[in-house]
Every structure is written in structure tokens, then in C-alpha cells.
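Below is one structure; the comments refer to it alone.
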Amino acid sequence: MVFVLSTTAFLVYALITHFEQVRGRRFFLSSFRNHLDVFGERLVLWLVRRLRSVLRHTIKLSWYYSIHSALKTILTVLVRMYDRLELVFINNRERAKRLRAEKKAEQNLGTQNHLTQIEEHKAATALTTQEKKQLKAKKLRGD
């Protein structure tokens, strides 16, 4: 029933508008329908402007989000690189501390290099004055 009524209303409207176009003017409520036409045009223009604005902003936002995601990816990569480099620096710093400690230990031991060891050995094996006199006397005798 609703289908038949809506189809009938559509056909009547189509016939009326067809006859109005043939005649060149409207049959009834012409000023009211003119106001409705103006209102409809303004509404459509307003909707078109809003749609264009929304589309422009949507495109602009998609660019912003794309750029933001690219920058976020770059930042993530930089942070990972920084963390790895920081680990390398920490390891190098610890290694340098160990090397400095070893060098310091070597310097403490290094004061006893081979020359000082020779001197210490000479001092330890040096003859006393009595032994020197005896050795000198022995050499003079030819023994």
C-alpha cells in the first residue's frame, strides 16, 4: 500500500513538473516554491563548502599524521642508536678505567723495572768492606 502511494505521488510530481517546464512557469504556490528553491540552493552550497572544508582538513590531517608517524619512526631509530652508542661509551669508559688502573699498577711496579732490579740485586749481593779487603788481598797474592 505504501509503495503504491509513494509511486503515485512520484508520478504526479513528475507530471506536474513536466507540464510546468513545458509551460515555462509554475501552476500553484510559485512564490513559496521559489523561496524553497533559494533555500535549497543555499543549503546545497553550504553543504558543498562544508564538505570541501572537511575534505581539505582531512587531507591536511592525513599529511600531518603521515609526517608525524615518519618522524616518530626516525625518533625511535635515533633513540635505539643512542642507547647502543651509550652502551659502547659505558663499556669504553669501564675499559679505560681498567686500563688506567692496570697502568697505575704497572707504574707502581714499573718503578722496579729491570735497572732497579739490577741495582737491588747489586745492593743485596754487594760485598762488605771486610769482604772487599779480603778479595783485594787475594787478587794481589794471585790466588
For the chain, longest principal axis from Cα atoms; helix 129-141 axis from its Cα atoms; angle between them, nearest 10 degrees, is 60 degrees
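Treat every Asp and Glu Cβ in the chain as -1 and every Lys and Arg Cβ as +1, leave all other atoms uncharged, and give the resulting dipole magnitude about the Cα centre to the nearest 20 debye.
Numbers: 27 positive and 12 negative charges, 122 e Å.
Charge dipole of the chain: 580 debye, to the nearest 20.
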Using alpha carbon centroids, what distance separates region 67-91 and region 24-51, in Å? 60 Å
Simple spin-label model, 7 Å along Cα-to-Cβ: Arg25 to Val48 in nm? 2.9 nm
In the list (1) 163, 33, 19; (2) 64, 25, 22; (3) 93, 31, 26, the entry giving Cα extents along the principal axes in Å computed from the coordinates is (1)
So what is the calculated 222 nm ellipticity per residue for the chain, using -39500 (n - 2.57) for each DSSP H run with n of 4 or more, over all residues, to the nearest 500 deg cm²/dmol? -32500 deg cm²/dmol
Extension reserve of the Leu78-Thr7 stretch, reckoned as 0.36 nm per residue once the Cα distance is removed: 18.8 nm
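Expressed in whole Å with the largest first, what are the equivalent ellipsoid semi-axes of region 39-81 derived from the C-alpha gyration tensor as the square root of 5 times each eigenvalue?
Values: eigenvalues 331, 4, 3 Å².
Output for region 39-81: semi-axes of 41, 4, 4 Å.
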Taking the alpha-carbon distance from Lys72 and a cut-off under 24 Å, which lysines remain once sequence neighbours fewer than 8 residues away in the same chain are dropped? Lys60
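The numbers here are math on the coordinates, done by the rules we state, and not lab data. Keep in mind it's a predicted model, so treat the numbers as computed, not measured. Counting neighbours? That spans all protein chains shown, and the Cβs are built from the backbone with ideal geometry, glycine included.
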